[in-house]
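**Q** Once you've had a glance at the structure underneath, I'll fire off some questions.
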Amino acid sequence: MTAAARAEHDRAPGIAARLAALDGGALGSALDAAGHVVVPALLTAAECAELVARYDDAEQFRSRIVMARHGYGEGEYQYFAYPLPPLVAALRRALYPLLAPPANRWSEAMGIATRYPPDHATFLARCHRAGQQRPTPLLLRYRAGDYNRLHQDLYGEHVFPLQATVLLSRPAADFTGGEFVLVEQRARMQSRAEVVPLAQGDAVIFAVRERPVKSARGFARAAMRHGVSRLRSGARMTLGIIFHDAK
């Protein structure tokens, strides 16, 4: 194990402690109200730098996607291979239990039969039995002029309804532009866009595909998509944490 890898492994328990200190009820209430919530300073500057440094080590990744080739936008991203880096694995494992209660609440409100177990390992086993065995956590890199079109991260039959993105770069210092954008579409209404400001190390947790919104008859489903506006200068990197695996 290299010195950098050892340092990251040692920091992994700190992620779990930071997440355990969060008020899960308040986090869930914020998700219910707006469909997203920001967790400030989830990662330290040193942890962000360690993840950014991994991007050029191709052996750590299972796949590299050049977005323009697929009509996804401009820029590129890479999916980590298993085993995930300790920091990424710890973040995925510790964040999931906070999100399972609101995920189950959303399913009930939208009349969806699916329920999510309290621990991530059990949910992953469900994915793997269905043939979804490829890891989905990823690093994304944008340079001047790059952007990410509005999209949803699905990957198969089993979809956990919430995901997270962590900004690894410093706004204004490392890049300008490149805002994280959420768009909500309710029935018989025009789309509503929201820009979510983030600082380095902040995480935004948001709906993957849809969320419940109050209606005259109880709850309706609002479709959700997310993307990144065009980068005006510099370079921007983010970590994506998706809880379901891919086929």
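The values are calculated or read from the model by the stated rules, or taken from the named source; none is laboratory data. It should be emphasised that the depicted structure is a prediction, and the values quoted were computed from it without experimental measurement. Positions of Cβ are generated from backbone atoms using ideal geometry, with glycine treated the same way; all protein chains shown enter the neighbour counts. These area figures cover heavy atoms from the full protein model, side chains too; ligands, DNA and RNA do not enter into them. Shrake-Rupley method; radii C 1.70, N 1.55, O 1.52, S 1.80 Å.
**Q** So which residues in region 149-163 are open to solvent by 10 Å² or more (accessible area, probe 1.4 Å) and within 15 Å of MET224 (Cα to Cα), if there are any at all?
**A** ARG149, LEU150, HIS151, GLN152, ASP153, LEU154, VAL159, PRO161
**Q** Same structure, new question: Residues in region 14-45 that are assigned to a helix (DSSP H, G or I) and under 13 Å from GLY201 (Cβ atoms): how many?
**A** 4
**Q** What pairs can you find where one residue is in region 104-115 and touching a residue at least 60 places away in the same chain (Cβ under 8 Å), the other is outside any helix (DSSP H, G or I) and crowded, with 17+ Cβ neighbours inside 10 Å, and their Cβ atoms are less than 6 Å apart, with a gap of 6+ or different chains?
**A** Partner pairs satisfying both residue conditions: TRP106/PRO161; TRP106/PRO212; ALA109/PRO212; MET110/PRO212; MET110/ARG221.
**Q** If you don't mind, another one. Looking at region 27-41, which of its residues are open to solvent by 50 Å² or more (accessible area, probe 1.4 Å) and more than 16 Å from the chain's Cα centre (by Cα)?
**A** SER29, ASP32, ALA33
**Q** What number goes with the only condition from (1) of a type in the set (Ser, Thr, Tyr); (2) without any contact (Cβ under 8 Å) to a residue 60 or more places away in the chain; (3) open to solvent by 20 Å² or more (accessible area, probe 1.4 Å) that TYR72 does not pass?
**A** Of everything listed in (1) of a type in the set (Ser, Thr, Tyr); (2) without any contact (Cβ under 8 Å) to a residue 60 or more places away in the chain; (3) open to solvent by 20 Å² or more (accessible area, probe 1.4 Å), TYR72 misses just condition (2).
**Q** Moving to a separate point now. State yes or no: is ALA187 in contact (Cβ under 8 Å) with a residue 60 or more places away in the chain, loosely packed, with under 15 Cβ neighbours inside 10 Å, on the phi < 0 side of the Ramachandran plot and assigned to a loop (DSSP other than H, G, I, E, B)?
**A** no
**Q** Given the residues VAL228, VAL196, VAL166, which is the only one that is of a type in the set (A, V, I, L, M), over 27 Å from ARG69 (Cβ atoms), crowded, with 17+ Cβ neighbours inside 10 Å and in contact (Cβ under 8 Å) with a residue 24 or more places away in the chain?
**A** VAL196
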